[in-house]
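Asks: I'd like to ask you about the structure that follows.
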Amino acid sequence: MKDTVIDAAFHRYNANSQDKNVGDCVKRALSYAYGMDYNDVGRILNRIKNEVGSIAYNVYNTYSRFLKARGAVPLAKSEYEGMTEDEFCAKHPSGVYILLTGTAKSGHQSHMVCIFNGDIVDSWNSSDYVVYEGWKIPNVSTEVSDVVWEDIEQELNTFIDTYIEESINKKYH
């Protein structure tokens, strides 16, 4: 019998304003998992880093405080031990997770990725990386939204323009 290989879907997401891959996987993963602005996540991580005296925002004592403060729950090793990201996704087809992963060759974590409903969300496909740590993100909606951000931006601009125009008309009448 031939082994069945299940590949998780990969969804490209790069919140970096210049679309660069610059070692900011922690900010990317957390911003997607929590639906937060990438720059806001960076500011919060830097504040935590300074509070705890870390050398960087992408070390355990910084990102773990971020996660714990937002209700994330560390996974038991049995939930991921020895698995690749692909295998983890097959075992966890729903929910939001943060994984610390790395190459099997290195034997240690070097990358953070968001898993959303069994799919890998990142700026590049690391599906063959091994999972070394995992966190479940509770109370995050996993429903697909029909929101088009350009529509929201247009509505907001229209509201602001109308507000300014009405304010000017009130001042001169």
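The values are calculated or read from the model by the stated rules, or taken from the named source; none is laboratory data. Worth saying up front: this structure is predicted, and the values here are computed from it rather than measured. Cβ atoms come from the backbone with ideal geometry, glycine included; neighbour counts cover every protein chain shown. Accessible surface areas use protein heavy atoms only, side chains included; no ligands, DNA or RNA. Shrake-Rupley method; radii C 1.70, N 1.55, O 1.52, S 1.80 Å.
Asks: For segment 158-173, name all the residues that are hydroxyl-bearing (S, T, Y), modelled with pLDDT of 70 or more and open to solvent by 100 Å² or more (accessible area, probe 1.4 Å). Show your work before the answer.
Replies: In the first step, residues of segment 158-173 are kept if they are hydroxyl-bearing (S, T, Y); the result is 158, 162-163, 167, 172.
Narrowing the set further to residues that are modelled with pLDDT of 70 or more leaves 158, 162-163, 167.
Y163 - this is the single residue of segment 158-173 that is hydroxyl-bearing (S, T, Y), modelled with pLDDT of 70 or more and open to solvent by 100 Å² or more (accessible area, probe 1.4 Å).
Asks: Same structure, new question: Could you look through segment 87-128, keep only residues that are of a type in the set (F, W, Y) and either assigned to a strand (DSSP E or B) or modelled with pLDDT under 95 (or both), and pick out the one that is least open to solvent (accessible area, probe 1.4 Å)? Lay out the reasoning, then the answer.
Replies: Within segment 87-128, the subset of a type in the set (F, W, Y) is 88, 97, 116, 124.
Then keep just the ones that are either assigned to a strand (DSSP E or B) or modelled with pLDDT under 95 (or both); that gives 97, 116, 124.
On the way: Y97: 19, F116: 38, W124: 86 Å².
Result: Y97.
Asks: Looking at segment 42-76 only, could you name the residues that are without any contact (Cβ under 8 Å) to a residue 24 or more places away in the chain, assigned to a helix (DSSP H, G or I) and open to solvent by less than 30 Å² (accessible area, probe 1.4 Å)? Walk me through it before giving the result.
Replies: Filtering segment 42-76 for residues without any contact (Cβ under 8 Å) to a residue 24 or more places away in the chain gives 42-56, 59-62, 64-65, 68-69, 76.
Filter again for assigned to a helix (DSSP H, G or I), leaving 42-52, 60-62, 64-65, 68-69.
Those that are without any contact (Cβ under 8 Å) to a residue 24 or more places away in the chain, assigned to a helix (DSSP H, G or I) and open to solvent by less than 30 Å² (accessible area, probe 1.4 Å): G42, I44, L45, I48, T62, S64.
Asks: Quick one: is A56 modelled with pLDDT of 95 or more and among the aliphatic types (A, V, I, L, M)? Can you show your working first?
Replies: Working: modelled with pLDDT of 95 or more: no; among the aliphatic types (A, V, I, L, M): yes.
No.
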